[in-house]
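For reference, the structure discussed in these notes is given below.
The values are calculated or read from the model by the stated rules, or taken from the named source; none is laboratory data. Note that the structure is a prediction, hence the values are computed from the model and not measured. Every residue, glycine among them, receives a Cβ derived from its backbone with ideal geometry; neighbour counts consider all protein chains shown.
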Amino acid sequence: MGNIQLYGLLVVLSSGFALPGRAAEVETVDRSAASVMEVRSLQQQGSSANLRRDRPATTIKEWTAQIEAATVQVTGVTLNRLDSGLEITLETAEGKPLQVDATNFRTESDRLIAEIPNAVLALSNDQAFSAENPAPDIASVRVTQQDATTIRVSVSGNNALPKSEVTLKTGEFAYSLNPEADEPDEEIVVTGEGQQGYRVPNATTATRTDTPIRDIPGSIQVIPRQILEDQKTTRIQEALENVSGVRKEGNYGGTDAGGYNIRGFAQDGNFRNGFSDNDFYSSVDTANIERIEVLKGPASVLFGQAEPGGIINVVTKQPLSTPYYSAEFNVGNYAFYRPSFDISGPLTDDGSLLYRLNVAYQNAESFRDFNFTERVFIAPVITWNISDRTSITFDLEYQNNTYLFDRGLPSLGDRPAPIPISRFIGLPQSVYDDSTFRVGYRLEHQFSEDWRLRNGFSFVSGQSAGTYAIGGYGLENDQFAPIYVGRDDFSRKIYTLQTELVGRFKTGSIVHQPLLGVELRRNDWAYTSFDVADPILLDIFNPNYDVDFPAIPDEQTFSYTTRRDTLGIYLQDQITFADNLKLLVGGRFDAFRRRDDFGTPEEESLTAFSPRVGIVYQPIKPVSLYASYTQSFQPDRFLGRSATNDPFEPTRGTQYEVGIKADLSQRLSATLAAFQITKTNVVTPDPNDPDLSIQVGEQRSRGIELDIGGEILPGWNIIASYAYIDAITSEDNNIPVGNGLINVPEHAASLWTSYELQNGNLKGLGFGLGLYYVGDRNADLDNTSILPSYFRADSAIYYKRDNWKLALNFRNLFNETYYETAQGRNIIYPGAPFTVIGSFSMQF
């Protein structure tokens, strides 16, 4: 598409006359681009064509004629039943071509949708076109006017997406609305984009609606399933290395749990399908992940309490309307092995009841001494299409991990201690069991083509318990680590109920897409510990693990409970003033109540309002310029009070962001963003009383991010990123102003690219290469310890044939010693040395 737009621009300039910003000129570029697309389409069909390309107008009269000609009248709609499916033909006045662009094709629930700009309905009855039950698996076809210059073609299936091929025909050209249909028509030369490859054109996290990313005034990056499979990712933290400005924040007990650092700020846990899912203590398995959406910047306007850096939203696999069976077995060094399978399809003959089941088992040792992990994961999903307008999906997920609780390495001086990265600073009796249970439903009812109601519930229960014998408390005499021993039990529960009304209407030529939502959320935590008073000293240079393990007391030594109740009401409007000018406005009001009990119950109630406003301007169709202003809020983890016994206000985050998004081609996109985030109301020690705190702290992060993803050429995919982030303490009573925040490199970059041979005897042979650079990072806010920079290389080789795939993935190809993340200067987690994973998979 980049070459197409460049050609169109040259046509304009060749006229010897160009005025930037004139609407007629923009339309000339678009029409020239469309002509080139048509030529290429005909060439793909093996046809020849001599398309006349007029020079752009050079007079006001000709400009006016072009503007009038740019809007094409659709004078007729006909439906033809074919052996392979249904053909929808759009007839135009004088046979003028429509500007059909596959990037405007998408799916919503059981509907195939194509939006065609620069077109108006001019049917004989002056009404929209509608046809009911035109094919066995198609409930209706509608062609409607969306705004002054855009029409929509909507094809609804019977309780699911149509299985048969649906073709949209305009003139001599045909376009597939469902390229994954069983028997595609040979005439089809342009296909709609699904979720294959490295580029995903639409996302839901930023707006809670299926919106083209180029129309969102903010930075949102999507990691599709294809990247997880190509990189053989078993931890989502590894997948997030492909996104600019995102780092791992901590590494709870040496597992793949922990939080995320986004744009300089730590975010505990993530969201799942738009629901608050877990916290710092829960792991996430990749077996049932369809894609990962990363929303940069404050997200409280739709998601409530959150840190200002952004959120991670995991989108899970959903049931398919056609049978699907997949099995995979992975094996690697450090005694790693992982079998898994994924099956889906209809449970009833009419396809009204669908299912999906993902199961995985993982067992592995580690480069860390004594370390091991054993995991069981199961995730069934059932969708019931009650009618052509109503569906409900029930999902359940269970995961259990047994592992060695490992707090990494301490610092010595201003660097990680100079000991082998395999050394365990603890005792091998430190074994934990962690289980997570998730269950919920999502109900959707379609009132009409433009209005629908969504209701969903999510319940997450987590339990962590075990014996700990761990370090992480510094060194005595720069040699001995105190190892504290005990037993504890930590339980977490999250209840979330959401109801949303999504619509679409017009005021004149302006199109509105409102969203009104209500969310009720309850978070419960309970912690109990049984602590041995005196630590065991372990020599980090010459450890002796054969020690008498102390008896753990039967009576608890510490406990607390915490409950958070939140009511959130949010309203959003996506406003389209013109095809190239869009506004996003919204706000959320949260009423928050918390009760903490550390022996004496304390309560507090707070309220917060989180606004957002953003604008997108597209000077030409593939380019979006945007600017936005957003705010967030986050109550303190535990209830605290000042010297006046007043409760602390939530921290507030404020972001200003500008950026540019470009579709470099139909399959390759880039986002360049510049931002500044200020976090206020940070709690700091009270200079008049060290046992109390005051809210005068401030942290500031500013930076530039670049993300590129998609397909360069057939078979050649790429995802790349770069981030420059300056994240500092800007006000504080204790920490020196100017100190860097934790786990934030000033410079970081990543590149993963893969290529698969498309033809010849070696068709299906593919290669992958990954390069990752991360600069120096601070391990603590006092900046007393530094995690040194590193450069890591990964690679892959695979071979696909028919329905099977054999692959070898290599991580840390050159055995680089590096440190992933820190939870303070004395809890530093090293990265794994050279690792290889072999895999074999089959699909049916």
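Restricting attention to the stretch 529-550, the residues that are closer than 19 Å to Ser411 by Cα and touching a Lys or Arg at 6+ places or on another chain (Cβ under 8 Å) total 2.
Could you pull out the residue among Asp414, Asp349 that is exposed (fewer than 15 other Cβ atoms within 10 Å of the Cβ), of a type outside the set (Lys, Arg) and without any contact (Cβ under 8 Å) to a residue 12 or more places away in the chain? Just a single option satisfies the conditions, and that option is Asp349. Here Pro745 fulfils each of the conditions (1) surrounded by fewer than 21 Cβ atoms within 10 Å (Cβ to Cβ); (2) in a loop (DSSP other than H, G, I, E, B); (3) within 28 Å of the chain's Cα centre (by Cα) apart from (1). Among the residues of the stretch 307-335, write down those that are small (Gly, Ala, Ser) and at positive phi. Passing the criteria: Gly310, Ala335.
Here is a yes/no grid of residues against (1) in a loop (DSSP other than H, G, I, E, B); (2) within 22 Å of Leu240 (Cα to Cα):
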position: Arg291; (1), (2): no, yes
position: Ser326; (1), (2): no, no
position: Arg368; (1), (2): yes, no
position: Asp388; (1), (2): yes, no
position: Ile392; (1), (2): no, no
position: Thr402; (1), (2): no, no
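Look through Ile223, Ile216, Ile236, Ile262 and report the one residue that is surrounded by fewer than 24 Cβ atoms within 10 Å (Cβ to Cβ) and either of a type in the set (Val, Ile, Thr) or more than 27 Å from Pro622 (Cα to Cα) (or both). From the options Ile223, Ile216, Ile236, Ile262, the qualifying one is Ile236. Filtering the stretch 456-476 to residues that are over 19 Å from Ile828 (Cα atoms) and either part of a loop (DSSP other than H, G, I, E, B) or among the β-branched types (Val, Ile, Thr) (or both) leaves Val460, Thr467.
Of the strands (runs of 3 or more DSSP E) contained entirely in the stretch 127-219, those carrying at least 1 residues that are of a type in the set (Ser, Thr, Tyr) and at pLDDT 85 or above fall at 138-147, 150-157, 165-170. Screening the stretch 551-596 for residues that are closer than 17 Å to Glu519 by Cβ and hydroxyl-bearing (Ser, Thr, Tyr) and picking the one that is nearest to the chain's Cα centre (by Cα) gives Tyr570. Screening Glu449, Glu500 for residues that are modelled with pLDDT of 95 or more and either crowded, with 19+ Cβ neighbours inside 10 Å or not in a strand (DSSP E or B) (or both) leaves exactly one candidate, Glu500.
Restricted to the stretch 780-803, and to residues there that are part of a loop (DSSP other than H, G, I, E, B) and at pLDDT 95 or above, the residue that is surrounded by the most Cβ atoms within 10 Å (Cβ to Cβ) is Ser785.
Of all the listed residues (Leu771, Leu806), the sole one being over 24 Å from the mean Cα position of the chain (by Cα) and either in a strand (DSSP E or B) or farther than 26 Å from Pro201 by Cβ (or both) is Leu806.
One residue stands out in the stretch 374-390 among those that are polar (S, T, N, Q) and surrounded by fewer than 19 Cβ atoms within 10 Å (Cβ to Cβ): the one that is farthest from Trp451 (Cα to Cα), namely Ser387. Determine which member of the set Tyr398, Tyr337 is closer than 20 Å to Gly254 by Cα, outside any loop (DSSP other than H, G, I, E, B) and of a type in the set (Ser, Thr, Tyr). Of the residues listed, the single one that is closer than 20 Å to Gly254 by Cα, outside any loop (DSSP other than H, G, I, E, B) and of a type in the set (Ser, Thr, Tyr) is Tyr337.
Among the residues examined, Thr835 qualifies as in contact with a Phe, Trp or Tyr (Cβ under 8 Å, 6 or more places away or on another chain), under 18 Å from Gln231 (Cα atoms) and not aliphatic (A, V, I, L, M).
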